[in-house]
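In what follows, a structure is listed as C-alpha cells, so that the remarks can point back to it.
Nothing in this text is a laboratory measurement; each read-out follows from the coordinates by a stated rule. Note that the structure is a prediction, hence the values are computed from the model and not measured. Note that each Cβ is placed from the backbone with ideal geometry, even for glycine, and that neighbours are counted across all protein chains shown.
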Amino acid sequence: MTPGQDWSYDSGSGVFTYTGGSPAGSIAPGGAVNLDFTVAMPHSSCNLSQAGADLKYLPEYYDGCGNLFITPTKVSSIGLIGAAPSLTVTKSGPESVNVGETGNTYNISVTYNQGSCPQNSVAVDLTDTLPTPFIPVSTSSGGVIDGQKVTWSNVTLTDGTPQNFSIDFDTVNDSCYAHEDYPNTVNVTAAGGGTLLDCCGCPIAGASASFNTYVNDPGETITYSSKTVDPARIEVDCSTDIDHPYTNPSGNPDQHNNRRYTTEYHFNPGANAPSSWNGITFVDEMQNNQYTNENIAGILVEADCGPGFLPVTGWSVTQYTYLVIDLSSIAACAPNTGAKLRISYTVRATQTNDSANSLPSSGDYVDWSYLHVPGFPRGCPNNENYDQGVRVEDFRANLEVAVSVPAEVEKCHEYEVTVNLTPSSNAKPDKASLTLNLSGFTYVPGSTTYSGSGGWCSGTKGEPGVSGNQLTWVNTQLNEIYNTGSVTFKVYKDCTENASVSATANYVDNCSKPHQASATDAALLIKKAILYTKITPQLNWGAEHTVDWKLYVTNGGDSAARKITITDVLGSCLSFNSDGCYLTVNGATYNYGDPAIVWPAHGAGGNITWDLKNLVIPSAGQILIYFKTDVNCCEENNLKSECYSRWCVEGQNYCQESNHDIGNVKLPHSYALVTVETAGVKICGTGNAQIKIENPGATHIYNLELHSFLPKYLRYKSGTAMIDGNPAADPAAVPVNSGNYNGGWELTWDKNRIPGFADFAPAEKHTLTYEIEPDDVASGGRYNYASCSFFKSTFKKTKAYVNYAKPCDIDNPNQKSNEPERNFDIKTPNLAVTKEVFQIDGQDNQSDVHYFPLELGSQIVFRIRVTNNGNLSTVETNIGDILTPSSQMNYLSAMYSYAGGAWNPVPWSVSGDTSYWNNLEAALGHGIEPGKTLEIRLTAQVDNSCQAQGTYNYVEVWTGCADLPAMNGANFTGNPATVTPWNGTLSSACPVYQAKYAVNHSHRDSWNVTYTHNIPDNVTVCEEPVYEIEFSNKPAWQGGVTIYAPLELWDVIPQGTAYVPGSTQFMLPGGASWTAGNNPAQDIVNFTGSVQGWNGTFTRLTWNSTNNSVLGSTDVKPGQNIRVRFKLKFGDCQAVSGPAINRQRLAGYDCLGASGTRSWYAGDSYWSTDHWLNSPDHPWVKQIEIYHAEGALKTGNLQILNGY
C-alpha cells in the first residue's frame, strides 16, 4: 500500500494516520480530507482462501480535549479483478480392457486459459506414465515414448485453443494383471521441467488429469465376458427387509435402494473348456460393504445352448457375504459345447460399522466378480478365477451447515442470526439435531422462526433448549431434513468484544450411522458507543445562592448508546435544584418530570442520577442537561460537581463508564489581559507600538501599572503617547541592565499618567499607542548609528504586562497579567547589484557578459543594475566604480536611468581609476523604491598603450542612513582584486547597513578564432593539388582580440603526400591578393594511440618569421583573417592510404608582441589529442577521391580529415 499525500501508514497495524493540516493531523471546521490507497494481491501470494476481502474502515480522531471519537465506521468488500490463469486438462479412454487386448487409445486435451495475466501463451511439457499392464505403442503430435512414459516437450499452448494428444496402447497378455483398477495421470509442467507458474508467480491450477481403467480376463476358456449394473449409483441402504414401503431411521416411510448386476460368460467350444459344470462357481466379492440375502438377491441363472438364454435350475447359493453360487449341478449343455452363461442378482450398498463415517459422502469403485473354473487356469499361475468388473457409485446422506451473522453489530442491541441447513444429493439426513454456541451474544427468548414454516423437516420445531450461551434443537425437533431450510432467531449483543456463532448439526444416514457438520460466522465489525461527559462551567462563579450548570454527554463511538444513566456526585455544600431543569437529545427537549426519564429528586444531594430508560444517543450525538444547584456553604473544597455516564446498564453491569468531569464553584476572580497588537519600525526612521489592555474578568480591577519594554538601540519618542486616541502623559523610563532587553528601556504608565487606570470595570478595554525612535547619540541618545545597529542586531522584540489590584486588596497592585512578547515588523531596503559587459565598439556583446576583450582602443559599455528587493526605499546610498589599472582603461562617460525612465549623466566625481556617486537619493529626488532598479551604463576605453597585466571593472554599493560616510579611494569595503564570484554581499560595519559588489574581468587572447579551408574534391595520382587554409579572428564584440606578430602557422599533411617546393602563397590580413612566400620548415611529428587515421608519423609544415619575415610583422586584428595556400604532391597509389589527416594551427602573441604571452589557435588541449574528430565545435572531414593518371577510380576513397 501506498498512502496518499499527507498520510502515513503502519503496515503492521494497518493504521493510516493523517499528518496534514495545521497543527499537524488536524482538520479545520467544515473541512474535509480524502484518503486514497491501493490494495493488491502480493506477488506469489497463492494461497488466498477466497477471491476477495472485507475492509473495515474505523476512522479515529480526537476532539480538542483529547477525547477519542470513532465515527463513522463501515465494512465494505473488494474482489480480485479478473481471473487467474488455469489449465483445462481432460483424459479419456476405455473404462475396462481385457488381458492381451490391443488397439486402445487414451485421448488427452489441454487448453490454456489466459485469465487476467498478459501472457496469451505458455510453453509446457506433458508427461504421462502408463501403469505397467498398459504398453504405449504410438503417440500423436510428436510424443516421445520411453518405456511406460510418454512425453511431449516444449508445447506452446495459446489462450482458449485446445490441443489434443493421444496414446495408442496395448494391454499385456498376462492374466495376473486382471482384477485391478489402474489409475493413470497426465501431468503438465513448465517447459524444461518445474512447476508451471502464472504472472503472479503462482502455480497454474488444473495441471493434471486422471482416468481409471480396470482389467478383465476372459482368457482362452472364456472367450467373452461382460458385467452390467442398473442403477450404477444408489444411496446407502442398510435395511434387510424386502417389503415396500419401509421406514427409515427417522421412522418415516422410505423405499429400498437396490442395484441389479448382470454378468455374462461365453465358453470356448472344444478342449479349452470343461466338459461339465462340476466345481464351477460364481462369486461376487461385494466390494464396499454391499449386502444381499435370499430375500433381496432375486438370483436368475440362464444358459444359452443355441436357441437363446433360458432359465436353468440346479444351482445353489453357498453364502451371501460374498455372493457364492455353485453351478455344479445346473441343467444346461456342457461348457465345451460353446455354452453361454448369464447370472443376474440384486444387492444393496450398506455400512456395517462406523469406520467410514468420516469418508466422503459419495464414492465410486469397481465391483469385481469372477467365474471359478477348476482345472482351467486363466494364465496367471494356478489362478482359475475369470474376473469381470463394473464401476458403481454409492452415496449417503450429507448435510451442509452455514451460519449468517450480520457483518456489523452494535453492542447493547438485538440482531437476527440465520442457520441454513442444506442436504446434498438425493439422500435425506435423519434424526438431525442442532447445537449453537453464542460468543458475545445472548439468546432472545421466543424469537425462533423457521423458513417455509418448517416444511423442509419432519420434526416438531419450536424453541431451542437454552443453557447459558448454548442453544440446542434436539433430533425430534428437526428429525429428517427433506430440503434446504433455515432457522432464524434473535440475539442480544453484550459488552464483550466477541460476536460469533458456531453451529454443529448431528444426523444419521440410512444405515443409522452418525455424521456431523459444523460452521461458524462472526461479525466483521463490532461497534460500540464511547461516552464522554463534560460539565460546564468547570469554574462556576458563585455570585448568587444558586448556580447554573450544563452537563454534556457526547457519544464518540460508532454505535448508538442505549440504556443510559447519568450520575452527578455533588459535594456536601451543594444540592439539586429542579427549577428550570431540562434534557435535550436527538432534537427533542424533555422538561423536568417527563415520564420518559427517571429524574433526580428536588433537593437531593450526594449521588443524583438521570435514568434515560429507552432514549438513545446516536453515534456522534449528544445529550444536554441543564440544571441548578444551591450553594449551601462557602467551603470551596465541598463545592464540587462530579459527573459521569454509563450505557448498556443492566443492574450492576454496564458496557462503559465514561470519564469523570468535575465542576467547581468558585468565588469570583480578577483578571487583566494585555495584547501587543502592533510593533513596527523603519530603518533610519521611527516606529510605533500599540498595546491593548482589557479586563476579561467578572470583577473590577484597580490601580493598573502598564510596563512596556523596548530593546537596545530604540527608545520612546517624547510626547507621542495616546490612550484611545487621546493624548497621554509620557511614561517613566528606566534603563534595562540585564536579560534580552539589556541596553533598552522599561516604560511605565500608572494611574497618575493615565487616570483611567485607577478603576477598570469588567469588559473594559483601552488601547495605548506611542512612537519609537532610534536611541542615537546624535539626538541625545546612548548609541552611535543606533538605527543601523538595531537592524543588524538579532533581538528585535517588545513585550508588555500590567500589575493590578484585586477588589479585596485595592491598594496593593501585586497581581500580574499575562506577558505577551512579539517581534517588530521591520522595513528595510535590500539591494542587489549586477554588472555586465553590455556593448563593445558600439555592438551588443555576444560573448561572456562577465569578461571583456582587452583590445587596444576598444570602447566598452558596462551595464550596472542596482535593484531594491526590500520593503522600504533607500535613505542614503553611495556607488563607487573602479577601472584598474587606470593606465589600461580610461573612463569616458556614464549615464543612468531609474525604473526604465529617461537617461541622465551620472553626477559622480572621477578620480584616477575610481568614480564615486555619493547620496544618489539627492540626484534622484527619492530613494530606490521597493521593486525598482537603477541602471548605469558606464563607457570606458581600452588604452592604446599595451600593459603587461590584465584589468577589471569593479562596482561597490553602500546603503544606510543619513550618517552614511561618503565613499573615497581609501574606504572601499571589499578588495576588488580578491572577489571571486561576479556579484555578492560584503561584510560591513555600521553606519554601512549593506555593502554589495559586482565585477567584470578582461581577457588578452582572442576568444573567437575560426578556421576554414579550400581542399579539392578529387585529385589524380601524381597530381599537385592546391591546399588553402584560413584563420579568421572575429570582431571584439564577439570576443576577438588582435593576434600580434610574430605569427606561426602549422600544417600537418596526409601520410604519403609531399609539399611541393616553391608553392607557398599568403593573403595577409587586410590584403586582397596573394603574395609569394618562402618554403616552410618541415619536421616529423609522431602521434600514437589515436583512431581514424590519426595515428603514426606525419610531416609538419611550419611557416614562421624565420623562413617568412612577413610573419614577423603581421598582426591579425579583430574582424581580419590570414590565408596560406600551397601544393601537395600525391605519390603513387600505394603511397597514399585513407583515411588520412590534414591539420592546421595558428600561433600569435598579445599586445606586448614577442615579449608577451603567446597563444595557440586551437589550444594545446585540442592539438595534442584527436578528440576533435568527435567534437561538434571543431569537426571537419573532407573526402577526396583519388584517381589514376589514366582516369580510373582507385578502389576506395581517401578521407582527408582536415581540422584544428
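Take the Kirkwood radius over Cα pairs of the stretch 769-855, plug it into Stokes-Einstein at 10 °C and 1.306 mPa s, and you get 82 µm²/s for translational diffusion. Taking Cα centroids, how far is the stretch 602-620 from the stretch 783-824 in Å? Their Cα centres are 51 Å away from one another.
Over the stretch 222-394, calculate the relative contact order: mean separation of alpha carbon pairs under 8 Å at least 6 apart, over the residue count, as a percent.
Details: 404 pairs, mean separation 52.9, N = 173.
Reported relative contact order: 31 percent.
Please give me the summed charge of the neighbours of Ser897: other residues whose Cβ is under 14 Å from its Cβ, Lys and Arg +1, Asp and Glu -1.
On the way: positive: Arg863, Arg865, Lys932, Arg937; negative: Glu935.
The answer is +3.
Considering only DSSP beta bridges whose two residues both sit in the chain, what percent are antiparallel, to the nearest 5? Don't skip to the end; give the middle numbers.
Working: 351 of 379 bridges.
For the chain, the DSSP antiparallel bridge percentage is about 95.
At R0 = 22 Å, how high is the FRET efficiency between Ala190 and Thr158 if r is their beta carbon distance? Nearest 0.05 is fine. Mind showing how you got there, number by number?
On the way: r = 16 Å, r/R0 = 0.74.
The formula returns an efficiency of 0.85 here.
Listed by chain and number, the lysines placed with their C-alpha closer than 28 angstrom to that of Lys799 are Lys682, Lys692, Lys712, Lys717, Lys751, Lys765, Lys816, Lys827; residues fewer than eight positions away on the same chain are left out. The calculated FRET efficiency for the pair Asp1017 and Ser887, based on their C-beta separation and a Förster distance of 56 Å, comes to about 0.60.
Within a straight-line Cα-Cα reach of under 18 Å, Lys1034 can be paired with the following aspartates and glutamates, leaving aside sequence neighbours fewer than 8 residues apart in one chain: Asp841, Asp844, Asp848, Glu855, Asp1005, Asp1115, Asp1150, Asp1177. For Gln656, the residues whose amide H sits under 5 Å from its own are Trp647, ignoring neighbours fewer than 5 places away on the same chain, with H placed 1.01 Å from N. Dividing the summed helix terms, -39500 (n - 2.57) for each DSSP H run of n ≥ 4, by the number of residues in the chain produces a 222 nm estimate of -500 deg cm²/dmol to the nearest 500. Panel order for Thr88, Thr914, by other beta carbons found within 10 Å of each beta carbon, from fewest to most: Thr88, Thr914.
Plainly put, the stretch 655-709 has a radius of gyration that is 1.31 times its Kirkwood radius, both from alpha-carbon atoms, as the Rg/Rh ratio.
The stretch 107-152 and the stretch 464-542 have Cα centres separated by 52 Å.
In sequence order, the stretch 828-835 has phi-based couplings of 8, x, 9, 8, 10, 10, 10, 9 Hz under the Karplus curve 6.51 cos²θ - 1.76 cosθ + 1.60, θ = phi - 60°, and Gly or Pro positions carry x. Computed about its Cα centre, the charge dipole of the stretch 222-394 is approximately 560 debye, with only Lys, Arg, Asp and Glu carrying charge at their Cβ.
In what sequence do Cys633, Cys511 fall when counting other Cβ within 10 Å, fewest first? Mind dumping the intermediate values first?
Details: Cys633 11, Cys511 25.
Fewest-to-most Cβ neighbours within 10 Å comes out as Cys633, Cys511.
Placing dummy labels 7 Å off each Cα toward the beta-carbon, the span from Ala970 to Thr240 is 14.0 nm.
When the alpha-carbon atoms of the stretch 673-827 are used, the pair Rg, Dmax equals 15.8, 50 angstrom. Spin-label pair Cys200-Ser502: with each label point 7 Å from Cα along the Cα-Cβ axis, the two points sit 3.0 nm from one another. Distance between the modelled labels on Ala601 and Ser945, one decimal in nanometres: 12.2 nm (7 Å Cα→Cβ projection). With viscosity set to 1.567 mPa s at 4 °C, what whole-number translational diffusion coefficient in µm²/s follows for the stretch 847-978 from Stokes-Einstein and a Kirkwood radius over Cα pairs? In µm²/s, the coefficient rounds to 83. Among Ala297, His1001, Thr223, flag the residue with its Cα farthest along the positive direction of the charge dipole of the chain, charges on Cβ as +1 for Lys/Arg and -1 for Asp/Glu. After comparing all options, I get His1001. Estimated translational diffusion coefficient (Stokes-Einstein, Kirkwood radius over Cα pairs, 4 °C, 1.567 mPa s) of the chain: 28 µm² per second.
Normalised Debye scattering of the stretch 531-666 at q = 0.11, 0.16 Å⁻¹ gives log10 I(q)/I(0) of -0.36, -0.76, counting only Cα atoms as equal scatterers and leaving out solvent. Rounded to whole numbers, the Karplus 3J(HN,Hα) couplings from phi for the stretch 707-716 are 10, 10, 10, 10, x, 4, 5, 10, 8, 5 Hz, using 6.51 cos²θ - 1.76 cosθ + 1.60 with θ = phi - 60°, and x at Gly and Pro. Kindly write out, for the stretch 1006-1023 in residue order, the coupling ³J(HN,Hα) from the Karplus curve 6.51 cos²θ - 1.76 cosθ + 1.60 (θ = phi - 60°), rounded to whole Hz, with x marking Gly and Pro. Once θ is set to phi - 60°, the couplings for the stretch 1006-1023 become 6, 9, 8, 10, 10, 10, 10, 8, 9, 10, x, 6, 8, 9, 9, 3, 6, 6 Hz. Between Gly744 and Lys712, Val736, the built amide H atoms are under 5 Å apart, and every one of these is 5 or more places off in sequence or on another chain. Using 0.36 nm per residue and subtracting the Cα-Cα separation, the extra length available between Ser329 and Gln690 on full extension is 116.5 nm.
Quick note on the stretch 222-394: its Rg to Rh ratio, both from C-alpha atoms and Rh being the Kirkwood radius, is 1.02. Length gained on full extension, Thr102 to Arg1158: 369.7 nm, using 0.36 nm per residue less the C-alpha separation. Efficiency by 1/(1 + (r/R0)^6): what FRET value for Lys797 and Ala32, r their Cβ-Cβ distance, R0 = 35 Å, to the nearest 0.05? Approximately 0.35, to the nearest 0.05.
At a Cα cut-off below 19 Å, give the aspartates and glutamates reachable from Lys628, other chains included and same-chain residues fewer than 8 away excluded. Of all the aspartates and glutamates, those that pass the test against Lys628 - Cα under 19 Å, at least 8 places apart if same chain - are Glu544, Asp548, Asp568, Asp579, Asp594, Asp611, Glu636, Glu642, Asp661.
For Ser96, the residues whose modelled amide H falls within less than 5 Å of its own, excluding neighbours fewer than 5 places apart on the same chain, are Tyr214.
Summing charges over neighbours of Thr748, with a neighbour being any other residue whose Cβ is under 11 Å away from its Cβ, gives -3 when K and R count +1 and D and E count -1.
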